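In what follows, a single structure is set out as structure tokens and then discussed.
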Amino acid sequence: MSRVVLRSLAPALLIAVVQAVAVLAVLTAIGISPLSPLSVGAVALAGALMFATLHQMLLTVLGDRIGRIASVVLMVLQVVTLVGIVPVQTAPELLQSIGSLMPLSIVTQGLVHAALGGSLVSTSSTLLAIVAWAAVSLVLTLVASRRARLVGRSERVGGGAVPAAV
């Protein structure tokens, strides 16, 4: 695995761990006692890690500026498709059909299920979906990083310019 990718992901992964602990701390502080704190913590941690890898993938594949814009657009789409915030029936059919596959919907449903008493074993399908999103994001990040390195190397070696024919 590319050390560059891992080094660039390290700060986001550290923040993900802090976020997962913060979710449990806030729930406790406001008096919500999840029936399965371990499941809530696992889903929160997996979700935070998945969002970190997804964001990193967008930045690596699309570039810094466009990747950040795409990340914000993806988040807005996820919020729009999240059941309970906007009536799903009023959304276009495409958004209705992909809403359940969106990462935020998966994490939200997993957190609700875990908080209401789902065991870690019964939360496994949610965790598998989250891990699948993270794995695909990580693979795409590695592929894009390797491709960028190879292009950069060939430009340095060959000078990057093709001589003009006279």
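Please treat every number below as a calculation from the coordinates, not as lab data. What you see is a predicted model, and the numbers here were worked out from it, not measured in a lab. Backbone-built Cβ (ideal geometry, glycine too); neighbour counts: all protein chains shown.
Quick one: if you stick a label point 7 Å off each Cα along the C-beta vector at Ser97 and Val151, how many nm between them?
Placing both labels 7 Å along Cα→Cβ, they lie 3.2 nm apart.
From the C-alpha gyration tensor of the range 1-91, pull out the three semi-axes of the equivalent ellipsoid (sqrt of 5λ each), sorted largest to smallest, in whole Å.
After scaling each eigenvalue by five and taking roots: 26, 22, 9 Å.
Based on the mean of other Cβ atoms within 10 Å per residue, sort peptides 131-141, 40-50, 69-79 so the most packed one is first.
My ranking of the peptides, most packed first, is 40-50, 131-141, 69-79.
Between the range 27-83 and the range 131-148, what is the C-alpha centre distance in whole Å?
First find each Cα centre; the distance between them is then 17 Å.
So for Ser145, Ser97, fewest C-beta neighbours within 10 Å to most, what's the order?
Numbers: Ser145 18, Ser97 11.
Result, fewest neighbours first: Ser97, Ser145.
Among Thr28, Thr60, what is the fewest-to-most ranking by other Cβ atoms within 10 Å?
On the way: Thr28 12, Thr60 23.
Ranking Thr28, Thr60 by Cβ neighbours within 10 Å, fewest first, gives Thr28, Thr60.
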